[in-house]
Amino acid sequence: MIQHTHRWIWLWMLCLAVIVGLNHEAAAVTPIALKTSQASLLIDEQGRIALKPDDAAIPSPADFQSPLWVITLAEGADVFTPGRAVTARAEGKPQITKVDGGVRLVYDKVRCNQTDLDIQLDLKITVAGDEFRFDSTIVNKTRNWIVRYWKYPILLDIEAHGGRAESEAPVVYCPDGLGRRYTTRQAFGPRREFAYPSRLATMQWLTFTTPAGGLYFASHDEKCAAKTFAIAEGRGAGYDVSLMHRPYCAPGVSWDAPTTVVMSYRGSWHAAAQHYRQWVASWLDVMGRPQWAQNSTGWLLAILKQQNGDLMWDYSALDRLADLAEARGLDTLGLFGWAHGGHDREYPDYIPDPSMGGPQTLRESIARVRRRGLHVILYANGQLIDSATEFYRLQGTQTMVADRYGKPLIQMYNKFKSTSTPLFVTACTAAPAWRQRLMKLAQQAHDLGADGILYDQLGVVGPKECFESRHGHSTPAASEDRFDLIRQIARPMHQLDPNFIVMTEGVVDAEQADIPYFHGCGTGFGYFTPSAAATPFPELFRYTFPQVVATERIPNPFLTRNYANFACIYGLRFEIESRYTGDVKYLTSDQVPTPAEYADCNSPPDVQLLQKVPRDESSAYMRRVAEFRRTHGDLLLRGRFIDLDGVHVEAEQVVGKAFESDTQIGVLLWNPTDQNQSAKVTVDGGRYIAAFAPEAEGPVDVHTPIAAESIRLLIWNKP
Ligand SMILES: [Zn+2]
C-alpha cells in the first residue's frame, strides 16, 4: 500500500513536470522529466536525479540521492607536478535550464573547504533513444588548481524499488576478464573497482539485473581513456556505482568528459550486451583477420629457455615441438624465452641466442615448421624493462613510467624459489622510444620468418599514470595509450605482410581493432565448471563480441577432456604450456614428473592432475576434438557465439551454448559430469539436421544420453 502511494506521487510529479515543461520550454521549473520508452528521469532543483523504470521491478538507483559527483583537485599549475589534493562534492543548487533533448546543470563554482573555487561544471543530461546520456565539461578558471579526478555520475542504492524483486540484490555483471556474474551480495563482497583498460575491465560497461530487466551503465568513450568503475554495497539490498575519470585539467583549460550512458531495459543482460556491441561497431575500425588466425585450433606455448638458464629446447628442436603440436591438433607454436636472456630476463633485448643455435638456425627452423602448415609466434613483453639491461641504463628515462618523484614503477616476476628475481621497470606505452623498440622487435620477428609477435601483458595490466613530461603525453593519465601503441605497430606490419599478426595476453575490447588473436588471461579463460553459483561468466564478453579469437588459459602441458570441452563451449582455442623441465619430461618421455621435480617452481602446472592424466590419452582427445572443430569450422571456428538466443536447452547438468553461421545454428552440448546425461534442445523456427560428436563417425542418435566428459554438436538449418 505504501508502495502504491509512493508511485502515485511520482506519477503526479511527472505529469506536472511534463505539463509545465510544455508551457515554458526553457524554464527551470523542477522537477524536470526526461522520458525514454522504458523509463523516466526526474531532475530536482538541486540537480539530483530519480530514475523511474516503467516496470518498477527493473533495478534503478534510489530517488534524489547525493552527491551525484565528486571532484578531486590538486594544488599547482603543472599537471606533471600536482601538489596537495583536496576533494569536493556536489553542493548547493546548479542553474538548471532545458536544452534540446534534455537539461543543462551549471555549477559556477566548486566549493572546497569553505572556499569557492573558480571551476565551472557544465553538466548535460539528455535522451537519445532509450539512453539517458550524462555529459560534462569542466572549465578550470583557477590559477593554481588542477582537476585531477572527476567522478560522475554516482548512482546510489541500485535495486528494484517495486515489484516482486524488491529487497533482493540485483544480479551484477562485470567486465572482469571475459566476465563475472555475482548473484548475491555475499558473493560480490563490499566493494570492487574495475580500472579500464585492464584484465579487470575489458569493456566499458556493466549491468545490474532482475528477472524483469536491467540497468545498463557504460562509458561510450571512443578514445578508450583510462577510467575506473566502482561498485559498492548500497545501504539497502542493492549497490552503488560510479565512474571516475582522470582529466588532469590544468588552470585555464577546459575538459570534456566522455559520455556516460545509463539505460533501463527489459529482458536479460543480452540486451545490454547488444547495446554495447552496436555502439562499438559504430566506430571501432577493425583490421582484417588473416584466415589462418580465424581458423586456428590453438597453440602450444613453449618456453625454450627459462629465467634461470634451463635450456629446454634449442632452435633445432622446433621440429620436435611441431610434432607435439600436430599430435594434439594444435596449429601454432608460441615461443617464449626464445632469446638470449631466456624467459622474463634481459627485456627488451631479444637477441637470437648463439647457445640455442643462433639466428640462421632459428630462421631455418621456423621455415621448416611453417612448411608443415603450422604457425610460429615470437614473444616480446609489451611493458617490462629489465633494470639489469643496458637499455634501462641508457634509455630508462626515455621509456619508463615515472612516478611523481621521477622514480620507476618496479614489478617482479620470479619463476624459481632458488634464484633471485629480476627487477623490472614498467614501460610507458606512450613513450616514442618504447614504441620504436617494440616496432623493431616486430620487424625482427618478421625477418626471422615468424607469423607474428606477442606483446605480453598489454591486455592484462592496468592503466598507469606517468609523470615524465618529456614522453609527449599531454597528462600523466594520457600515458595510458596502449591502443595507439598497438595500432602504430600492427598497421604497418599488416601493410608489409597481411598474414603477420600482433597478439597480446589478455583481451581488451578495443584491442580487437588491431589484434586478431589473443592469448587468454584472466577471469573466464581458465577452466571452471559452469553453475548457477560460479562467478566466472565468459558469456558476457563472448556474446558482446561473438567472433573474438582467443585461447583458453591452461598452464599445464596437457588438457583433460573437460579442459578441451570447456574451450569448445565458449569458442576458445586450445592451449597447453611447456614451461619447466618437468613439463618437457611429461611431453617427451614415458615418465611422469614427480611433485618434487616442480618443488623449485613458483607457478608450476597442476602437478596433482598431471600425475593422473595420461599424456597419450590427452593428446588423442585433443586431436579428435580439434579435427571435429575443423570439420564443423563454419560453426565452431568461424561461427558467431550467440549464447542461447532462440535456443532452449532442457537438462540437469549439461551445459549448452550456440554458434551461428550464415545458414545454420549449432548447439554445442557439454556433459562435464562423470555420468551419462540427457538433454533436450529446441531451436526457434529451425529445421533440425543432425547431431555429431568428436568420437563418432557420422551422425549420432540425438535421443541417446551424452557420455561423461563429452560434447555433442546439434545442427539446425536457420529458418
Ligand atoms: Zn610517460
In segment 484-501, residues that are of a type outside the set (A, V, I, L, M, F, W, C) and within 16 Å of the ligand (Cβ to nearest atom) total 2
Test for Asp157: is it modelled with pLDDT of 95 or more, part of a strand (DSSP E or B), of a type outside the set (Val, Ile, Thr) and on the phi > 0 side of the Ramachandran plot | yes
What is the residue count in segment 491-504 for residues that are closer than 15 Å to Val549 by Cβ and touching a helix residue (DSSP H, G or I) at 6+ places or on another chain (Cβ under 8 Å)?
-> 4
Single unsatisfied condition, Glu75 versus (1) open to solvent by 20 Å² or more (accessible area, probe 1.4 Å); (2) under 30 Å from Ala160 (Cα atoms); (3) in contact with a Lys or Arg (Cβ under 6 Å, 6 or more places away or on another chain) = (2)
Among the residues of segment 474-517, count how many are among the aromatic types (Phe, Trp, Tyr) and under 15 Å from the mean Cα position of the chain (by Cα).
-> 2
Considering every residue within segment 436-452, establish whether at least one is touching a Ser or Thr at 6+ places or on another chain (Cβ under 6 Å), at pLDDT 95 or above and within 16 Å of the ligand (Cβ to nearest atom).
-> no
Just need a number here: residues in segment 453-483 that are of a type in the set (Asp, Glu), over 12 Å from Pro197 (Cβ atoms) and within 13 Å of the ligand (Cβ to nearest atom).
-> 2
Report the residue count in segment 374-406 for those that are among the small types (Gly, Ala, Ser) and open to solvent by 60 Å² or more (accessible area, probe 1.4 Å).
-> 1
Picking from Ala388, Ala427, Ala402, the residue that is touching a Lys or Arg at 6+ places or on another chain (Cβ under 9 Å), within 16 Å of the ligand (Cβ to nearest atom) and not assigned by TED's automatic domain parsing to the domain that holds His519 would be Ala427
Exactly one condition in (1) touching a Leu at 6+ places or on another chain (Cβ under 9 Å); (2) without any contact (Cβ under 8 Å) to a residue 12 or more places away in the chain; (3) open to solvent by less than 40 Å² (accessible area, probe 1.4 Å) is not met by Lys109; state its number.
-> (3)
With criteria (1) assigned to a loop (DSSP other than H, G, I, E, B); (2) under 24 Å from Arg623 (Cβ atoms); (3) open to solvent by 10 Å² or more (accessible area, probe 1.4 Å), Tyr563 comes up short on (1)
Inspect all residues belonging to segment 246-257 and state whether any of them is at pLDDT 95 or above, farther than 26 Å from Arg148 by Cα, of a type outside the set (Gly, Ala, Ser) and assigned by TED's automatic domain parsing to the domain that holds Leu34.
-> no
Which condition breaks for Leu409 when tested against (1) within 16 Å of the ligand (Cβ to nearest atom); (2) within 24 Å of Arg199 (Cα to Cα); (3) surrounded by fewer than 16 Cβ atoms within 10 Å (Cβ to Cβ)?
-> (3)
Is it fair to say Thr704 is outside any loop (DSSP other than H, G, I, E, B) and either of a type outside the set (Lys, Arg) or free of Cβ contacts under 8 Å to residues at least 60 places away in the same chain (or both)?
-> no
Among (1) more than 26 Å from Gln291 (Cβ to Cβ); (2) open to solvent by 10 Å² or more (accessible area, probe 1.4 Å) - the single one Gly342 does not satisfy | (2)
Yes or no: Gly163 at pLDDT 95 or above, at positive phi and not in a strand (DSSP E or B)?
-> no
Could you say whether any residue in segment 42-57 is in contact with an Asp or Glu (Cβ under 7 Å, 6 or more places away or on another chain) and not β-branched (Val, Ile, Thr)?
-> yes
Scan of segment 303-330 for residues that are in contact (Cβ under 8 Å) with a residue 40 or more places away in the chain and in contact with a Gly (Cβ under 7 Å, 6 or more places away or on another chain), ordered by number = Ile303, Leu304, Lys305, Gln306, Gln307, Asp314, Tyr315, Ser316, Leu330
Note: among Ala533, Ala564, Ala513, just one is under 28 Å from Pro694 (Cβ atoms) and among the hydrophobic types (A, V, I, L, M, F, W, C), namely Ala564
Looking at Val502, Val548, which is the one that is in a strand (DSSP E or B) and over 30 Å from Pro614 (Cα atoms)?
-> Val502
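The values are calculated or read from the model by the stated rules, or taken from the named source; none is laboratory data. Quantities reported herein were computed from a predicted structural model and do not represent experimental measurements. For neighbour counting, all protein chains shown are included, and Cβ atoms are generated from backbone atoms with ideal geometry for every residue, glycine included. Ligands, DNA and RNA are stripped out before the accessible areas are found, and what is left, the full protein with its side chains, is counted by its heavy atoms. Shrake-Rupley method; radii C 1.70, N 1.55, O 1.52, S 1.80 Å.
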